[in-house]
């Protein structure tokens, strides 16, 4: 009798837990993507980890599918219906309301729950993918090193042969100069014969060559000084080391974060502005370590994670208690693009009014790239152009105005009617007072 009762108990226990995770048939991979987009503001991708919301590792075992669907899509209506579990969770987390997700279909909710049930499958796939990527990167690095080694050896070999030939010829010429003038030259030494009899053997020619050489050196010196003066404060390629390492490639290219999300004033203000650390925290309040596939050459995940901790230090964020302290440490960013005080430049004028035609002339998809280069592909931002007066003027002389733009229609309607092609300089774009006043 005891055995029978025990068997019945085990059966019902098993049936009970089966009901808890009933009918959750979804795609864990799609669910992982949906989870990233909708849930990571409050819940960690590491499901055992508690953040603003609870850890979700065991949620599919402790709740039924039906209850989870109702909670995720509209937890407010579930609480209002008097559900004790829903009310208890709400009170436990300080009456903090969870976002409503009426846009999610039942299939999408099942996908999210499937990911929560089977996160190990996703982790394994990511590990395999990372392993393959790392192997490919290592193989590419080895191939690059082999190629460079071969190239260096080849170049040194050619250079050595040339130097040996020159030394041999100089030795022969030295012997001829130390011996009699009327020496009979071999047919093989035709080059030395010409050099000796036509040039080095005549004093006038020797003096001329010397004067030409001195003039050449003088000209090179003048050109070098002029070139040096013209390059003062031209900082193309300037790439300072910032207090916090920030990869635009990871943020802007791989994660497709729009430029204006961080540089919010670039479109409607004179200056682009440096984003505050609070902007960083809008994402990094939940992303406390780097788990992406991409790794810059010479960098490790641990190095990226250390940079995230620097942001926390700057704003006084404690990731353990999830609270801000009053100890702030402002980040002393090093400015890269900095116009002199005597130059007036308006970002909004270029980004809004000139966007269409600048993109067309410079052949770029993003107007920012016309001046700042392909920033999305940069790990460390550098100055991509000269930013000289000549550089600006050449652009104004070649870029046409957008005749359909309301600004030009209103203020330059007569010019638009007269000319077929109107460049910026034709409407005063090269006048001194446009930039210097």
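Throughout, read-outs are computed from the coordinates displayed, never taken from laboratory work. As the structure is a computational prediction, the values presented were derived from the model and not from experiment. All Cβ positions, glycine included, derive from the backbone under ideal geometry; neighbour counts span all protein chains shown.
Rounded to the nearest 0.05, what FRET efficiency do residue 341 and residue 261 give with R0 = 35 Å and r taken as the Cβ-Cβ distance? Could you check?
Working: r = 29 Å, r/R0 = 0.83.
Rounded to the nearest 0.05, the efficiency is 0.75.
The calculated FRET efficiency for residue 74 paired with residue 324, based on their beta-carbon distance and R0 = 30 Å, is about 0.45. Taken along the Cα-to-beta-carbon direction at a fixed 7 Å, the label points for residue 211 and residue 164 span 4.2 nm.
Taking label points 7 Å from Cα along the Cα-to-Cβ direction, residue 411 and residue 88 give a separation of 6.7 nm.
Segment 358-437 and segment 297-317 have Cα centres lying 38 Å from one another.
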